[in-house]
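The values are calculated or read from the model by the stated rules, or taken from the named source; none is laboratory data. Treat the numbers as computed from the prediction; the structure is a model and nothing was measured. For neighbour counting, all protein chains shown are included, and Cβ atoms are generated from backbone atoms with ideal geometry for every residue, glycine included.
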Amino acid sequence: MKQARLHTRREFIKKGLWILAAGYTAPSFLTRTVWALNAPSAEKGVQTLPGVPEDRILVVVQLSGGNDGLNTVIPFRMDEYYQNRSQLAIPQKSILRLNDEIGFHPALAKLKSLYDKGYVGVIQGVGYPNPNRSHFRSMEIWHTANPETGKVEKYGWIGRYFDSSCPSCSKPTIGVNIGISPPLALRSQKGLGISLNSPETFQWLPPYDAPSVNEVEFFYALNTPVRGEEGPLDFLRHTAMNAILSSQDVRDAVSRYTSSIEYPNTEFAGKMKLIAQMIGGKLGTRVYYLSIGGFDTHANQKGVHESLLTQVSEGIDAFFQDLEAQGNANRVLLMTFSEFGRRLSENASGGTDHGTAAPMFIIGKAISPGIYGNHPSLSPDALDPIGDMQHQIDFRSVYATILKKWLGADSEKILGSTFSLLPFLL
Amino acid sequence: MTIASAEGWVRAGSLESYKPDSSNPWDKYKAAHLLNRAGFGGKPEEVEHLVKIGYEKSIDEIVNYEKFTEDFPEVDFSEVDRLKKELLEKRTAQALGFGQKPRDDPEFRKLFQELQRANRQAMAESVSLWIRRMIQTRRPLQEKMTLFWHGHLTSSARDVENARHMHQQNEFFRKNALGNFREILIGISRDPAMLRYLDNNTSRKEHPNENYARELMELFSMGIGNYTDEDVKQAARAFTGWTFERFGDEFIFRPPWHDYGEKTFLGRAGNFDGTDIIDIILEQPVTARFISRKLFEFFAYPNPEPELIEQMAGIFRENHYELKPLVRAILQSEAFYSDKAYRTQIKSPVQLVVGTIRLLGLEGIPERLLWLAMSLMGQELYAPPNVKGWDGGEAWINTSTLFLRYNFAYFVVTGKLPGAQDSPRGKGLEGRLLRTLSRFSSTFTPLKLIPKSQTPEETVDTLIDRLIQAKINEPERDKLVEFARKIQISSSSEPPDEAVKQIIHLILCLPEYQVC
């Protein structure tokens, strides 16, 4: 089945124009959004500040549900940790120590070896003022980088990066989410960024292979944005255009690179592998996004949390082995986050309820490894009235550092304010 | 996309009853709209029926669905029951000191695996039966409301892992679909699937589990910002001891687990239990607004006008939280028939799949495959993505799911579902099911949907009428006609089935088909 290859949204519209010429009397039906694409296209990708390499990649790993930070990076010297967690505390002897104060959960053995190699930065006690304990509101705050009450940003912090620092980029694949629900973090005014579940289903299939009738041309024409159209149909046609434009690029990239690394047989590792393939196959994406759920451990936390941490740790480890093999480990920075940590004191169900501050991991060959910030105090007078930790580092400092130092973007403009940078990137 | 009958659409933002008149008639477009939103789409003859009986009788038929009898089979739990009984007997024997510990006993393990298999089978049967109901029911609004409650008072089989509990919950939603909201809140707080899903089953006075109390307020009744974290803690105390029997299927209250102390909740103090908490929640003016708004958005359009919300909340409270008067008011309002509502809703995957099967009159597709198709598109029945349910609206559509929707069109005409075997739910599908499909695809004869001797224009219009149920833009229609000509639809000879299938395929791949 021969299909015309189209690379940018401009080309698509033009092609659509040609296809539909017979049907329309109006000379043009470019939409508002598409007009904005008329700037000359720089296929390189995102424009960055001088001095920052243009081929850097950010991978965001979302731990959905509220990861128990206290059982991830464990402050084993703090008595309150053991006093409040008679069922869930990890015994000192099995903790993978980073220093005399803190250590990893034993399920993070692979992450520990990455740490020992100098690939991992641990940022302690990350949160924001007046913490919100709703999954949905707190996730929204992390995605939009705006904790202001009553204020909901329409676009995400990464989406705003696409919008503000990317005046000429035209490929929807600049941001790729693995899965079927794109995160708010990636939402941009320009509508860039795609989601895909598997390369096999990321394509349109004609049911009959009849060379005399090229259904695909009709399909393109009927899915091309129409000038003046608004509402859900306009949105649908724009999404269709992004999907059609990215389909072949994604499948080509994936088929160009075959990994020789053995990944664990988990869904999370499968997603990491797909990202490694797209990086290896030179898709030209700047930000990849993936999520793993199940961290809302209100009950029977022990086994569940252990299994989740194992999946994350092993998946990330295989991913970096793969990047090493590709020679791309220097180009990639991976960041983990969750909407909140969990309460210090465990509940009667062998679980923990929603909490506040928690650690983040920054992983990559190019970072300055180490431990940033101090663990929040667990003493009763240092906790808030609900019994949760006070955050030490604002998450927007982490974002600002990544935006400015890794992606070379104007972090003040994107975050709407200045945040102190952390030295995990120099 | 222009509005179907250009003149005669009515005011958005008004809860006044829509009154048909000559400039604003009750026609096939409005009837189709009602059938789409209050159900899963109507076939041309169903639309015609409503046009014929008139607007008021149509609303009556939709809302007073009890008068239609239904006859669906029961889900067979006998295998689950048998295995559970055997396992429990073995377990009791072991507890009494006979034999090995369950974990070390190969026979016990084998039985346990069999039970898990039987449970999965029953789960699939329960969902399949629900999908069959949605397709065949004479009470579409009842099934639509069942879907609403499943997305609002969510529980997921991934955590519940008990087919009977999920099935019971589904039956509870169906029975109370248009019932009383207070009874629904009390019932769901005692529902084993919910108790398990939000962990209240293990909540005790020593360290109450806050999961249920928080979501009850944040998602199920009031919405965020109308209570404090301290209210969550206090409400959690009130629900301690609400659980279900271990290995059983019924709610029980365990007094030794319950916190009988005084609680302070939303400014009131007393020795409250769960029912008191629900009653205090229902005293808050915000509750009626929150639920009215969510229902209106489900049926009509997002972000309803504040006055509209106030009016709906008033109706809801005046009727002591009875749902029927409220839903009726929404379905007969001017707002519901306004251009703000008409064809502005992106179909959910359930709406898309069930509707397509209904409108094309497809038979013989195993419901498990339809379940899989919906899941691939982002709506897995019995497994909402999180406690908030499905966001709906534009959140249904992204580059991934749009292709998956178009792949469903491919499935409809070829019987092959791309991605089926690779998906977690598809992995368990046996070859038998997939073979059924190839049989189905050879029996799908779309020719019967179009009258004989039609021109390409007539053929396209007939299919648009059936599938889109609205007028579409001329250029798009022309494009479809051009395609029909190209694949040799003509009035002089009967077109090949494949040609008709191909037009259907292209129509199902239209953005216009994704909305209703």
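Determine if segment B:492-510 includes at least one residue that is of a type in the set (Gly, Ala, Ser), over 14 Å from A:Leu233 (Cβ atoms) and not in a helix (DSSP H, G or I). Yes, there is a match, as at least one residue in segment B:492-510 is of a type in the set (Gly, Ala, Ser), over 14 Å from A:Leu233 (Cβ atoms) and not in a helix (DSSP H, G or I). Residue pairs whose Cβ atoms lie under 7 Å apart, separated by 6 or more positions or on different chains, with the first residue in segment A:344-364 and under 11 Å from A:Leu88 (Cβ atoms) and away from every other protein chain (no Cβ under 11 Å) and the second part of a loop (DSSP other than H, G, I, E, B) and hydrophobic (A, V, I, L, M, F, W, C), are A:Leu344/A:Leu378; A:Leu344/A:Leu383; A:Leu344/A:Met389. The residue list A:Asp322, A:Asp388 contains one member that is of a type outside the set (S, T, N, Q), away from chain B (no Cβ under 14 Å) and in contact (Cβ under 8 Å) with a residue 12 or more places away in the chain, which is A:Asp322. Restricting attention to segment B:481-491, the residues that are surrounded by 24 or more Cβ atoms within 10 Å (Cβ to Cβ) and outside any loop (DSSP other than H, G, I, E, B) total 2.
Looking at B:Thr275, B:Thr287, B:Thr264, just one residue is surrounded by fewer than 19 Cβ atoms within 10 Å (Cβ to Cβ) and under 23 Å from B:Gln169 (Cβ atoms), and that residue is B:Thr275. Screening A:Asn197 on (1) touching a residue at least 12 places away in the same chain (Cβ under 8 Å); (2) more than 14 Å from the chain's Cα centre (by Cα); (3) more than 7 Å from chain B (Cβ to nearest Cβ) shows it passes everything except condition (3).
Pull up segment A:97-142, narrow it to residues that are within 14 Å of another protein chain (Cβ to nearest Cβ) and assigned to a loop (DSSP other than H, G, I, E, B), then point me to the one that is surrounded by the fewest Cβ atoms within 10 Å (Cβ to Cβ).
A:Asn130
Remark: B:Lys175 falls outside the filter, which requires a residue to be surrounded by fewer than 18 Cβ atoms within 10 Å (Cβ to Cβ) and modelled with pLDDT under 95. Apart from one condition, A:Pro206 fits all of (1) without any contact (Cβ under 8 Å) to a residue 24 or more places away in the chain; (2) in a loop (DSSP other than H, G, I, E, B); (3) of a type outside the set (A, V, I, L, M); the exception is (1). Among the residues here, B:Arg196 qualifies as within 14 Å of chain A (Cβ to nearest Cβ), more than 19 Å from B:Trp371 (Cβ to Cβ), out of contact with any strand residue (DSSP E or B) (no Cβ under 7 Å at 6 or more places or on another chain) and assigned to a helix (DSSP H, G or I). Within segment B:128-170, the set of residues being assigned to a loop (DSSP other than H, G, I, E, B) and small (Gly, Ala, Ser) comprises B:Ser155, B:Ser156. Filtering A:Gly315, A:Gly284 for residues that are within 19 Å of the chain's Cα centre (by Cα), closer than 30 Å to A:Asp249 by Cα and modelled with pLDDT under 95 leaves a single hit, A:Gly284.
What do you reckon, is B:Gln469 part of a loop (DSSP other than H, G, I, E, B), at pLDDT 70 or above and more than 23 Å from B:Ser348 (Cβ to Cβ)?
Considered against the rule, which asks whether it is part of a loop (DSSP other than H, G, I, E, B), at pLDDT 70 or above and more than 23 Å from B:Ser348 (Cβ to Cβ), B:Gln469 comes out as no.
Note on segment A:153-179: among residues that are modelled with pLDDT of 90 or more and assigned to a loop (DSSP other than H, G, I, E, B), the one that is farthest from A:Glu200 (Cα to Cα) is A:Lys154.
Annotation: A:His391 fulfils all but one of (1) touching a Leu at 6+ places or on another chain (Cβ under 8 Å); (2) surrounded by 19 or more Cβ atoms within 10 Å (Cβ to Cβ); the unmet one is (1).
Conditions (1) touching a His at 6+ places or on another chain (Cβ under 7 Å); (2) closer than 16 Å to B:Leu185 by Cα, marked per residue:
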site: B:Asn211; (1), (2): yes, yes
site: B:Glu215; (1), (2): no, yes
site: B:Asp229; (1), (2): no, no
site: B:Lys233; (1), (2): no, no
site: B:Ala238; (1), (2): no, yes
site: B:Gly241; (1), (2): yes, no
site: B:Pro255; (1), (2): no, no
site: B:Gly261; (1), (2): no, no
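Residues of segment A:328-358 being in a strand (DSSP E or B) and of a type outside the set (D, E, K, R), which ones? Of everything in segment A:328-358, those that are in a strand (DSSP E or B) and of a type outside the set (D, E, K, R) turn out to be A:Val332, A:Leu333, A:Leu334, A:Met335, A:Thr336, A:Phe337, A:Ser338, A:His354, A:Ala358. When you scan segment A:154-172, do you find a residue that is within 18 Å of the chain's Cα centre (by Cα), crowded, with 21+ Cβ neighbours inside 10 Å, in contact (Cβ under 8 Å) with a residue 40 or more places away in the chain and at the interface with chain B (Cβ under 10 Å from one of its Cβ atoms), even just one? Yes: one or more hits. Looking only at segment A:219-276, residues that are among the aromatic types (Phe, Trp, Tyr), touching a residue at least 40 places away in the same chain (Cβ under 8 Å) and within 12 Å of another protein chain (Cβ to nearest Cβ) come to 1 in all. Quick check, is B:Glu250 under 32 Å from the mean Cα position of the chain (by Cα) and either among the basic types (Lys, Arg) or surrounded by fewer than 21 Cβ atoms within 10 Å (Cβ to Cβ) (or both)? Yes.
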